[in-house]
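I have placed the structure first, in the form of structure tokens, so that the comments after it can refer back to it.
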Amino acid sequence: MLSNSVTASFFGSGAQRNGRKRLAVTELPRELPLGLMEPSGTDEKGLSPNYPRYLGENVMSKPKVGFYWCASCGGCEEAIVDLAADILGVVAAVDIVFWPCAMDFKREDVEAMADGEMAVCFVNGAVRTSEQLEMAELLRRKAGLVVAFGSCAHTGGIPGLANLYSREGVLAAAYDTAFSTLNPEGMRPQTAYAAPEGTVTLPELHETVKKLDQVIPVDYYLPGCPPPVKLITGALGAILEGKLPPKGSILAPEIALCSECPRRDSKPEKLDFTEFKRPHQIIADPELCLLAQGLLCLGPSTRAGCDAACIKGNMPCTGCGGPLEGSKDFGANALSAAASALEATDDASIAVGLAEVPDPAGAFYRYSLPASLLYAKKGN
Amino acid sequence: MSDGTFQPRIVAFFCNWCTYTAADLAGISRMSYEANVRVVRLMCSGRLDPQFVVVALRQGADGVLIGGCHPGDCHYQVGNHKALRRFTLLKRLLRQMGIEDERVRLEWIAASEGDKVQRVINEMVAQVRTLGPLRLTDIPQPHGDVVIEPSCCCAEQTMPAP
Ligand code: SF4
Ligand code: SF4
Ligand code: SF4
Ligand code: FES
């Protein structure tokens, strides 16, 4: 996957954005010249010469934007609402043509659009069902740019942890074995049911959970669970201003979380604590590096952009910012950093030191199992 | 492969100062061992990034062998301690991912222990041969067939059979 850092200029100012809010979708080229979109001066209309043509210059209408959710918790939708007052700027600058969570649009409305009519579609959530796959493919056709929004779309996210189990294991847990399940008839969801009124259908559950770019090509990625407001406004601004980095870029800073962590100065050069502890086991010092206190903080391997939100709440980073450039496998990389931090040197003391990391796959691939090189439990 | 027995592909990461030297010694001493191992020389087992292991497994290795100096003998003092910590945690993660224990192994082999190189390699090849090929679930590609089939065609493409 290509990834490029977002330059400081990428996060353009709101004033500039407002000056350019009347935009229309004209003809959309299938291949957008995004590689050429580094800002480089402006023309007589005040637009960058690399201003994306798909946004057009017609003053009659605004770029059409869609939001969609696949296997998602709804938190990413909430993040858009979290734009608070900024959302008014977004609403003024764009024409929201699809947002099932918040507005009454139907799939038919999208099907009726011309291919590429939507300038941008933000898709959150992982892909596990036939319906999500169909919608992802449909939105890919209708949108000039597809942005994978949030950890689930970017790297598989929390739903992706289901790849630790087979499809049958997931169904059995939900319909048979969970302590809160009472299902004496052993009912399971069916994809089709012939009711007297006619046949009703449900989407099919796929064998595994996929991240968005495992089912459709994705243009940009907004990491985070959910993406921080700062990154969302930055991305929206960049899209509206045509100051987009090359395709495939992750729209977040290219530095590790530790670099923006307020506790970074207390992180020792050499970490050597004797055992990991879990957050409920200690009252962490609110000033000192959490990793140095023995908490499994993934800050060294995680991409910055959230302003160390969890650390500010005195909780260790669990890695939702996703991998840094050059990382081949987020989990294996984070595992390496964590194991290095221990002091233990022999089997016995290592076992003690790691006792409180009972679920390494869950801890290191919390948001990224489908993105890992292992992808899913063997045999799935 | 001609006689139909499965020939596993094992990637070995050997530390320059001990295990790699021991493998050399096994060679000059004309000890024969199974030819299924591709050795990658690292300066120290502490250089072993767990990512190397998962990359090897994804690219077609059926097993990964890591060799370093005995504890206390590391040329860089603590590299092998670090390797042991990473290995211990990685093994637990691989177990969760359904990868059998015998496929990833760590051994301390001193420069003089050519015979141990021979024994460990033969043992591991036999064990992995019994397990059969590692079949990781394929990583789906956009616009490909969405049905995931547990096959490993990438193995043939990225690493020639022994
Ligand atoms: S990325 Fe996080 S907030 Fe967004 S849908 Fe996934 S789990 Fe929810
Ligand atoms: S390890 Fe965690 S607490 Fe320590 S500096 Fe990095 S992000 Fe901050
Ligand atoms: S601190 Fe880590 S887990 Fe928390 S929001 Fe930031 S990247 Fe995500
Ligand atoms: S030099 Fe051999 S393990 Fe460090």
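The values are calculated or read from the model by the stated rules, or taken from the named source; none is laboratory data. Quick caveat, the model's predicted, so the values are computed rather than measured. Reconstructed Cβ throughout: ideal geometry from the backbone, glycine too, with neighbour counts over all protein chains shown. We work out accessible area using only protein heavy atoms, side chains counted, and drop any ligands, DNA or RNA first. Shrake-Rupley method; radii C 1.70, N 1.55, O 1.52, S 1.80 Å.
General observations
- Solvent exposure of segment A:70-154, expressed per residue, is 35 Å² of accessible area, with all protein chains present and a 1.4 angstrom probe.
- Between the C-alpha center of segment A:139-165 and that of segment A:227-299 there is a gap of 21 Å.
- When A:Tyr365, A:Tyr175 are compared by accessible area of protein heavy atoms, the largest-first order is A:Tyr175, A:Tyr365, using a 1.4 Å probe.
- Between the C-alpha center of segment A:64-108 and that of segment B:81-131 there is a gap of 50 Å.
- Evaluated at q = 0.18 Å⁻¹: base-10 log I(q)/I(0), Debye formula over Cα of chain B: -1.11
- Solvent-free Debye calculation, one equal scatterer per alpha-carbon of segment A:145-296: log10 I(q)/I(0) at 0.10 Å⁻¹ equals -0.66.
- Solvent-accessible area, 1.4 Å probe, carbon plus sulfur percent, for segment A:275-350: 55
- Close amide H contacts of A:His206 (hydrogens built in the peptide plane, cut-off under 5 Å, sequence separation of 5 or more or a different chain): A:Thr129, A:Ser130.
- Surface composition of chain B: carbon plus sulfur atoms contribute 53% of the solvent-accessible area (1.4 Å probe, protein chains only, all chains present).
- Length gained on full extension, A:Ala195 to A:Lys106, computed as 0.36 nm times the residue gap minus the Cα-Cα distance: 29.6 nm.
- A/B buried area, accessible surface, summed, 1.4 Å probe, Å²: 3500
- Under Karplus coefficients 6.51, -1.76 and 1.60, residue-wise ³J(HN,Hα) of segment B:94-104 in Hz, glycine/proline x: 5, 4, 4, 8, x, 8, 5, 3, 5, 7, 10
- These residues, A:Lys277, A:Lys328, go from largest to smallest accessible area, 1.4 Å probe, as A:Lys328, A:Lys277.
- Orientation-averaged projected area, Cα convex hull of segment A:214-345 (nm²): 9.4
- Buried on assembly, segment B:71-111 (at least 50 Å² less accessible surface than by itself, 1.4 Å probe): B:Leu84, B:Arg85, B:Arg86, B:Leu89, B:Arg92, B:Leu93, B:Gln96, B:Met97
- For the pair A:Ala92 and A:Glu325, a Förster radius of 45 Å applied to the C-beta separation gives a FRET efficiency near 0.85, rounded to the nearest 0.05.
- The Cα atoms of segment B:1-64 give a gyration tensor whose axes a ≥ b ≥ c have a/c of 1.5 or more with a/b no greater than b/c, which makes the shape oblate.
- Taking each of A:Lys312/A:Lys378; A:Lys64/A:Lys230; A:Lys243/A:Lys267; A:Lys210/A:Lys267 in turn, the alpha-carbon distance tops 27 angstrom for A:Lys312/A:Lys378; A:Lys243/A:Lys267; A:Lys210/A:Lys267.
- Summed over the residues of segment B:10-131 and divided among them, the accessible surface reaches 40 Å² per residue at a probe radius of 1.4 Å.
- With contributions of -39500 (n - 2.57) from each DSSP H run of at least four residues, the per-residue ellipticity at 222 nm computed over chain B stands at -11500 deg cm²/dmol.
- The GluC sites (Glu not before Pro) of segment A:153-243 that DSSP puts in a loop, and whose beta carbon has at most 11 other beta carbons within 10 Å, are A:Glu185, A:Glu197.
- Rounded to the nearest whole Hz, the Karplus-based 3J(HN,Hα) values (6.51 cos²θ - 1.76 cosθ + 1.60, θ = phi - 60°) of segment A:305-322 follow the sequence x, 9, 6, 6, 4, 5, 4, 5, x, 6, 10, x, 6, 9, x, 5, x, x, with x at glycine and proline.
- Residues of segment A:216-239 falling in the label zone of A:Glu260, defined by backbone nitrogen less than 11 Å from a point 7 Å along Cα to beta-carbon, are A:223-224, A:228-232, A:234.
- Long-range tail of P(r) for segment A:149-214 (Cα pairs > 20 Å, %): 47
- Simple spin-label estimate for A:Lys230 and A:Ala348 in nanometres, 7 Å along Cα-Cβ: 4.7
- R0 of 41 Å, Cβ-Cβ distance A:Ala114-A:Lys312: FRET efficiency to nearest 0.05: 0.35
- Cleavage-rule hits (trypsin sites (Lys or Arg not before Pro)) in segment B:14-121: DSSP loop, at most 15 neighbouring Cβ within 10 angstrom: B:Arg30
- Accessible area (Å², per residue) of segment A:257-371, counting only protein heavy atoms and a probe of 1.4 Å: 42
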